[in-house]
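The values are calculated or read from the model by the stated rules, or taken from the named source; none is laboratory data. Every value quoted in this text rests on a predicted model; they were computed, and no experiment measured them. All Cβ positions, even for glycine, are placed from backbone atoms using ideal geometry, and neighbour counts span all protein chains on display.
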Amino acid sequence: MIETQTPKSKRPAAIRKAVGPRLFFLDASGGRIVSVNPDGSDKKVIVTAAGPIPDGIVVDAEAGHIYWTNMGNPIKNDGSIERVDLDGKNRTTIIPEGATFTPKQLHLEKESGKLYWCDREGMRVMRSNLDGSKIETLVDTSGGDPRPGPDATKWCVGITVDPERGKVYWTQKGPTKGGSGRIFRANIEIPKGETPANRSDGARCRKSRPLLDRPWRSASRQYCEPRINRCETWPGDPRDSGHPPDGGNWDRAGS
């Protein structure tokens, strides 16, 4: 779930009336992008048929865009990333099928004009320009395994970026309830002379019960800022979205 709170003067005129402070989230089982007020009122459906299997979402309120991932069929190389205006118009595919296997969580890095995401069965950390050009693999965790990856401990899921320190953080899932989820960190840029598969700068930050994607969504950095009294939201079960069609719920915690 993403909160927008960008000053109206910075938004294109066409969308100034479309968004005040709003929360945007994916209804995965319904295949929809939905917007509500911070108190949950005024529910609006922005996109229908947002699939197959939408998963990650970020909002660029200043430019007036929503980006989201479609996982596709996890055993096929058919994942994609799409973009739409905040009012639901001008929907376009920016990362087509075949360019990323199973894209999961997204991070928008506005200053550099980049989208970062994790490719789960593709076992990669990836990025591109905001228009979908210059697709790059930053980290390849496959160890030579074929795609789709058979080893869930190599599946990359959640992601966030710290541009000030030049770091990217991501989670690797592990088997369901296996207690082997991990969080990793590496420099954003690949060291000179190295490849995504043989990077020497990666570090494991934590090994514990799997944290997975939701606590590490881009919202955790963009919107959980105590100095301006914003808060982070996440599903009731921090490990997953719940079982469709009625397994998900949303909570809020303030600083």
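Quick notes on this structure:
- Of the residues making up region 57-79, those that are within 18 Å of Asn129 (Cα to Cα) and small (Gly, Ala, Ser) are Ala61, Ala63, Gly64, Gly79.
- Total residues in region 134-182 satisfying the condition of being within 15 Å of the chain's Cα centre (by Cα) and not acidic (Asp, Glu): the figure is 13.
- Residues in region 51-75 that are of a type outside the set (Val, Ile, Thr), in contact (Cβ under 8 Å) with a residue 40 or more places away in the chain and closer than 15 Å to Thr100 by Cβ: Asp55, Gly56, Tyr67, Trp68, Met71, Pro74.
- Scope region 161-192; condition in a strand (DSSP E or B) and either closer than 16 Å to Thr137 by Cβ or out of contact with any Ser or Thr (no Cβ under 6 Å at 6 or more places or on another chain) (or both); matching residues: Val161, Asp162, Lys167, Val168, Trp170, Thr171, Gln172, Arg182, Phe184, Arg185, Ala186, Asn187
- Positions within region 112-141 being assigned to a loop (DSSP other than H, G, I, E, B), among the polar types (S, T, N, Q) and either in contact (Cβ under 8 Å) with a residue 60 or more places away in the chain or surrounded by fewer than 17 Cβ atoms within 10 Å (Cβ to Cβ) (or both), in sequence order: Ser112, Ser133
- Residues that are closer than 30 Å to Met123 by Cβ and modelled with pLDDT of 95 or more within region 33-53 comprise Ile33, Val47, listed in sequence order.
- Any hit, region 73-80, residues being buried (at least 19 other Cβ atoms within 10 Å of the Cβ) and under 18 Å from the mean Cα position of the chain (by Cα): yes
- Filtered residues of region 30-50 (kept if surrounded by fewer than 20 Cβ atoms within 10 Å (Cβ to Cβ) and among the small types (Gly, Ala, Ser)): Gly30, Gly31, Gly40, Ser41, Ala49
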